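First the structure, in the form of structure tokens, and then the observations on it.
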Amino acid sequence: MANQNLPRVLLLLPPMVSSEFQRHYSNKFHFLNLSSLPLRQFIATGDHDPSSITALICYGGQPLNADALGLFPSLRLVLTPSSGTDHIDLSECGRRGVQVAGIGNLFSEDVADLAVGLLIDVVTKISAADRYLRRHVPPPWNFPLGSKLGDKKVGIIGLGKIGLEVAHRLVKGFGCTVLYHSRSKKPFVSYPFYGSVVELATNSDVLVLCCELNDQTRHMINREVMLALGKEGIIINVGRGALIDEKELLKCLMDGEVGGAGLDVFEGEPHVPKEFFGLDNVVLSPHLAALTSESYMGMCQLMAHNLEAFFSNKPLITPVIVD
């Protein structure tokens with residue numbers, strides 16, 4: 001039975017993450033579970049007093065906008081187990097004096113690994129070849145050839161920690177040429193900088209999306225960018241689904257105006273457009289780039305350390321700047 005005297009933390013998390021986190025840390029915190037109820041319905045049940053909740057943990061599938069924040073008058077801490085914070089109204093948190101903590105660079109290497117893995121798969125047609133072989137046995141086989149990764153010019157959008165890790169792997173491991181677009185030119189790198197995404201796409205064979213989602217980056221990969229990338233071009237997305245105009249991407253892929261895509265994120269998650277499933281030039285992953293078993297445990301530990309810091313009136317380990 002949970003100790004009611006422990007610090008109370010509301011969990012707005014998927015069941016798998018929630019249960020694992022509780023299994024390791026229920027001796028330190030008294031966890032309240034949203035379960036499958038909408039947030040307002042959860043509060044309306046009357047089982048928990050929202051004014052008693054000072055800390056909560058939420059993931060990208062549970063938006064925390066101004067209305068949701070207003071349900072918790074005593075809230076002072078929001079944690080998210082994700083790299084992005086687009087599901088949290090940071091301005092409202094700042095107005096209410098609510099601290100926010102993320103996971104810092106914990107996932108950067110794992111996300112970069114999957115980005116490169118998706119690119120290798122699309123270029124060399126591993127998944128498509130696997131499906132073909134399972135359907136066409138015995139030989140002879142008549143499967144289209146893939147292409148070489150090392151000759152590719154890769155445009156990285158968002159040269160933060162993840163983007164730099166992707167660049168390092170592609171340059172050192174495969175001899176690719178890296179170009180990039182970011183909010184500003186990075187003085188510490190020698191990769192060519194392009195001030196517009198269209199210009200970057202025009203000069204690239206591949207676009208890898210590693211940037212955050214905000215009002216400026218939403219649908220930044222539009223039809224103009226896709227056509228600039230060209231018929232052989234490949235798009236890899238390990239950022240956020242809404243960075244891409246998904247309807248236009250599907251159209252370009254089906255019409256042969258873009259060569260292929262590797263997608264770990266989708267605009268309407270958890271929904272994935274069924275049209276993707278029949279395309280052999282697309283490799284799909286269910287938003288798992290960050291979740292290796294090692295990073296998963298690291299995520300749980302980091303969230304617990306942030307909670308301990310908060311309830312001890314100490315600085316957060318991985319604070320997010322709020323307006």
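The values are calculated or read from the model by the stated rules, or taken from the named source; none is laboratory data. Treat the numbers as computed from the prediction; the structure is a model and nothing was measured. Note that we place each Cβ from the backbone using ideal geometry, even for glycine, and neighbour counts take in every protein chain shown. These accessible areas exclude ligands, DNA and RNA; they are computed on the full protein's heavy atoms, side chains included. Shrake-Rupley method; radii C 1.70, N 1.55, O 1.52, S 1.80 Å.
What is the sum of charges around Ser293, taking Lys and Arg as +1, Asp and Glu as -1, for the other residues whose C-beta is under 13 Å from the C-beta of Ser293? Before the final figure, lay out the partial values.
Values: positive: none; negative: Glu20, Asp110, Glu294.
With Lys, Arg at +1 and Asp, Glu at -1, the net is -3.
Of all beta bridges that DSSP places with both ends in the chain, some 5 percent have antiparallel geometry. Summing Cβ point charges (Lys, Arg +1; Asp, Glu -1) relative to the Cα centre of the chain gives a dipole of roughly 440 debye. For the stretch 167-323, pairs of C-alpha atoms spaced more than 25 angstrom apart make up 42 percent of the total. Using a 1.4 Å probe over the heavy atoms of the protein chains, calculate the carbon and sulfur portion of the accessible area of the chain as a whole percent. Its accessible area is 53 percent carbon and sulfur atoms.
Projecting the Cα atoms of Leu114, Leu39, Pro50 onto the charge dipole of the stretch 39-134, computed from C-beta unit charges around the Cα centre, puts Leu39 farthest toward the positive end.
State, as an integer percentage, the relative contact order of the stretch 29-185 based on alpha-carbon contacts under 8 Å between residues 6 or more apart.
Computed value for the stretch 29-185: 15 percent relative contact order.
Relative contact order of the chain: 16 percent, from C-alpha pairs under 8 Å at least 6 residues apart in sequence. Considering only His87, Gly259, Ser18, and ranking their Cα positions along the charge dipole of the chain that arises from unit charges at the beta-carbon of Lys, Arg, Asp and Glu, the one farthest toward the positive end is Ser18. Is the shape of the stretch 8-139 rounded, prolate or oblate, going by the alpha carbon gyration tensor and its root eigenvalues a ≥ b ≥ c, with a/c under 1.5 for rounded and a/b larger than b/c for prolate? Since a/c reaches 1.5 and a/b is larger than b/c, the shape of the stretch 8-139 is classed as prolate. Charged neighbours of Phe193, selected by a Cβ distance under 12 Å, balance to +2 (K, R count +1; D, E count -1).
Given the -39500 (n - 2.57) contribution per DSSP H run of 4+ residues, what per-residue ellipticity at 222 nm results for the chain, rounded to the nearest 500 deg cm²/dmol? Display every interim value, and only then the final one.
Numbers: 11 runs with 110 residues, N = 323.
It comes out at -10000 deg cm²/dmol, rounded to the nearest 500.
Taking a sphere under 11 Å around the Cβ of Lys247 and counting the other residues whose Cβ falls inside, with K and R at +1 and D and E at -1, yields a net charge of -3. Computed with a 1.4 Å probe over protein heavy atoms only, the accessible surface of the chain comes to 49 Å² per residue. The magnitude of the dipole of the stretch 1-160, with charges of +1 and -1 set on the Cβ of Lys/Arg and Asp/Glu and taken from the Cα centre, is near 300 debye. Its relative contact order, with pairs defined as Cα atoms under 8 Å and 6+ residues apart, puts the stretch 204-290 at 29 percent.
Rg/Rh, computed from the Cα trace of the stretch 174-222 with Rh as the Kirkwood radius, has the value 0.95.
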